[in-house]
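In what follows, a single structure is set out as structure tokens and then discussed.
The values are calculated or read from the model by the stated rules, or taken from the named source; none is laboratory data. From a predicted model like this one, the values you see are computed outputs, not experimental measurements. In this analysis, Cβ positions are derived from the backbone assuming ideal geometry, glycine residues included, and neighbour counts consider all displayed protein chains. To get the accessible areas, we keep the full protein, side chains included, count just its heavy atoms, and leave off ligands, DNA and RNA. Shrake-Rupley method; radii C 1.70, N 1.55, O 1.52, S 1.80 Å.
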Amino acid sequence: MTSAAEHPWGRVDAEGRVFVKTGDAEREIGEWKVGEPAEGLAFYVRRFEGLETEVDLLEKRLTTGALSPDEAAKAVAKVRGEVADAAAIGDLASLDTRLDALAPAIEKQREERRAEREAKVAEATVAKTRIVEEAEKIAAGQDWRAGADRLRALLEEWKALPRLSKSADDELWHRFSAARTSFTRKRKTHFAEQNTQREAAQKVKEKLIVEAEALSSSTEWGPTSGKYRDLMTEWKKAGSAPRNVEDKLWKRFRAAQDVFFQARDAANAALDEEFAANAVVKEQILVEAEALLPITDLDAARKALHDIADRWEAAGKVPRGRVKELEGRLRTVEQAVRAAGEQEWKRSDPEKSARADDMIGKLQRAIDETRESLAKAEAAGDARKVKDLTQKLESNESFLAMAQKAASDYS
């Protein structure tokens, strides 16, 4: 060795011994025998820089939250152990100071994480309580399809939430599980009952199909149409058969009806064509009937309508689509003749005429008597009686006018 090497925080003496300063003293940390002291000094300074880099990295990872508080505390203890007996030249005390400064940050982070966990637990408690209450509401209902889907979704939500305390989590899970179990049991019972009902409906509908197919060749259009209506009522009352057979059953039932109704429609179409000529005749008869309106000669109108009715019946049936129209036009004429007859009867009713004449006579006698009494009251100067009798006279005269008008209607 030719000379020693010096550094603000250590040295390599001429004999190759390496020292680091620690406060006002120094500590021997090794030897350098294979080269110049300056090279040894640089080697031990690089060791310090490596420790400094570890502290820098630790500070950054703690600041960014890359380390949990427990991980950071373990890392600080590890680096502190490396610094305590480090064979390195540099300000080791400053590294200890920096490591000490990390303790409050670690504790702060620990408190923050604790508060964050508590907040998440509180949120999870609210969320799990909501899940349980919704599940219990679903379990109390009968929405089997949507309810089952929703319970599965709620289970996935539950799994994604953090656990609570064991007692709280177990209590809520027990309620949630009980609600799911209750819903599942009721759902299975419902579909089992539904399957039983559907199987019974299938048997009923198969029987109805046999009846419908037996009727399909009938030519008794009216009665058979009624029977098919009854069969349709029973079909609807039976309810749904199992889904895999319901459509097939309906197609068979409908096909049997189609055979009958298509045959009926074809027969009716043929009749309509046959009856078309009858409609032409009845249209001509209607021209005569409608010419009677308005009624001016009741006896003549009655006689003409009687003849029209005979010819109308003789003309025969018309196409079904025109029955309502043609019958309605004739009915209008018949109603007009009937109304004219009723009006004539009212005018010539002898009993009503006699009652009207009797009323006129009574009112006339009452008026005469009231006039005599009124004259006597005026002569006596009885003002109050005069007033009463005058009102009575006016009332009787009004009734008399009404009775005379009614009597004129019967004359």
Using the Cα centre of the chain as origin and beta-carbon charges of +1 (Lys, Arg) and -1 (Asp, Glu), tell me which of Ala72, Gln343, Ala122 is placed farthest towards the positive end of the dipole. Gln343
How large is the accessible surface per residue of the range 1-146, computed with a 1.4 Å probe and reported in Å² as a whole number? 59 Å²
In sequence order, what are the phi-derived ³J(HN,Hα) couplings for the range 333-347 according to the Karplus relation 6.51 cos²θ - 1.76 cosθ + 1.60 with θ = phi - 60°, rounded to whole Hz, with x for glycine and proline? 5, 4, 5, 5, 5, 5, 5, 5, x, 5, 5, 5, 5, 4, 5
Ordering Met232, Met359, Met402 from largest to smallest accessible area (1.4 angstrom probe), what's the sequence? Met402, Met359, Met232
Over the range 281-367, average the accessible area per residue using a 1.4 Å probe and give it in Å², no decimals. 66 Å²
Treating only Lys and Arg (+1) and Asp and Glu (-1) as charged, each at its beta carbon, one finds that the range 153-294 has a dipole about its Cα centre, in Debye to the nearest 20, of 1540 debye
The range 275-329 and the range 30-96 have their Cα centres apart by a whole-number Å value of 124 Å
Name the long-range amide H neighbours of Arg17: under 5 Å, sequence gap of 5 or more, or other chain; modelled H, no Pro or chain starts. Trp32
Which value, in debye to the nearest 20, gives the size of the charge dipole of the chain about its Cα centre, when Lys and Arg are +1 and Asp and Glu are -1 at the Cβ? 1720 debye
Glu206 - accessible surface, heavy atoms, 1.4 Å probe, Å² rounded to 10: 80 Å²
Can you work out the FRET efficiency for the pair Glu171 and Ala93, with r the C-beta to C-beta distance and R0 = 51 Å, to the nearest 0.05? 0.40
Solvent accessible area, Å² - Val280, 1.4 Å probe, full protein context: 80 Å²
Can you work out the Karplus-derived ³J(HN,Hα) for every residue in the range 108-120? Use 6.51 cos²θ - 1.76 cosθ + 1.60 with θ = phi - 60°, whole Hz, and x for glycine or proline. 4, 5, 4, 5, 4, 5, 4, 5, 5, 4, 5, 5, 5
With +1 on the Cβ of every Lys and Arg and -1 on the Cβ of every Asp and Glu, the dipole magnitude of the range 1-134 about its Cα centre, in debye rounded to the nearest 20, is 480 debye
(i) 1.58; (ii) 1.10; (iii) 0.94, with the label sought being that of the calculated Rg/Rh (Cα atoms, Kirkwood Rh): (i)
How much accessible surface does Asp96 have with a 1.4 Å probe, in Å² rounded to 10? 50 Å²
Considering Cα pairs under 8 angstrom that are at least six residues apart, work out the relative contact order of the chain and quote it in whole percent. 8 percent
Would you please give the residues with an amide H less than 5 Å from that of Gly90, counting only those at least 5 places away or on a separate chain, with H modeled from the backbone geometry? Lys21
For the range 273-411, calculate the relative contact order in percent as a whole number, restricting contacts to Cα pairs under 8 Å that are 6 or more residues apart. 27 percent
Of all accessible surface on the chain at a 1.4 Å probe, what whole percent is carbon and sulfur? 53 percent
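Return a whole-number percent for the relative contact order of the range 65-183, with Cα pairs under 8 Å and 6 or more residues apart as the contact set.
Once normalised by length, the contact order is 28 percent.
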Could you check the simple spin-label distance between Lys227 and Gln194, using points 7 Å along Cα→Cβ, in nm with one decimal? 3.6 nm
Over all pairs of distinct alpha carbons, what does the Kirkwood formula give as the hydrodynamic radius of the range 55-130, in Å? 14.1 Å
Note, the range 151-168: 3J(HN,Hα) by Karplus (6.51, -1.76, 1.60, θ = phi - 60°), whole Hz, Gly/Pro = x, goes 5, 5, 5, 5, 5, 5, 4, 4, 4, 7, 8, x, 6, 9, 4, 4, 5, 5
Reachable lysines from Lys385, Cα under 23 Å, same-chain residues fewer than 8 places away excluded? Lys362, Lys376
Suppose the chain between Arg384 and Glu112 were pulled fully straight at 0.36 nm per residue; how much longer would it get relative to their current alpha carbon spacing? 87.1 nm
For the range 327-406, what mean projected area does the convex hull of the alpha carbons give, in nm²? 6.9 nm²
Cα to Cα, under 30 Å, and not fewer than 8 places away if on the same chain: which lysines meet these conditions relative to Lys159? Lys120, Lys128, Lys137, Lys186, Lys188
Under a cut-off of 24 Å between alpha-carbon atoms, report the lysines in cross-link reach of Lys248, not counting same-chain residues fewer than 8 places apart. Lys203, Lys205, Lys207, Lys227, Lys236, Lys237
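Suppose only helical runs count, i.e. DSSP H with n ≥ 4. What mean residue ellipticity at 222 nm does that imply for the chain under -39500 (n - 2.57) per run, divided by all residues and rounded to the nearest 500 deg cm²/dmol?
On the way: 11 runs with 331 residues, N = 411.
It comes out at -29000 deg cm²/dmol, rounded to the nearest 500.
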Cα centroids of the range 350-398 and the range 198-218: how far apart, whole angstrom? 83 Å
